[in-house]
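What follows is a short report on a single structure.
The values are calculated or read from the model by the stated rules, or taken from the named source; none is laboratory data. Because the structure is predicted, anything quoted here is derived from the model rather than measured.
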Amino acid sequence: MRDGTPWPSRFAYLRCVRGEHRKRVRLGASSRAATRALTRRLRLSTCGSADLTRCCVYARAGAIPGDCRVLHPARCAADRQRALSVLDVGPGTCGADACN
């Protein structure tokens, strides 16, 4: 948060960011489509929660890029994801190059 304390929950973080973006839509500084795109990106990030990680899931040999998922670290295991292999890449956003 602005004062440097961690967010109380991921929900609080998401609600704050979406609320701010909606204000910008009302002021004409952004569009509803941009708000929807932002919401999709937020769901694919660990922001607002120190308890989440990005997990690259590789379903078969040579599968590049892998499928990036935001999970609790304990769930980032090949048997839990029904995959050939997984890689915990830490906090951040599941962007286009997260699992290359």
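Every listed requirement among (1) assigned by TED's automatic domain parsing to the domain that holds ARG18; (2) aliphatic (A, V, I, L, M); (3) at pLDDT below 90 is met by ALA96 save one, (1).
For residues in region 20-46 being of a type in the set (Gly, Ala, Ser) and within 18 Å of the chain's Cα centre (by Cα), which is nearest to THR93 (Cα to Cα)?
SER45
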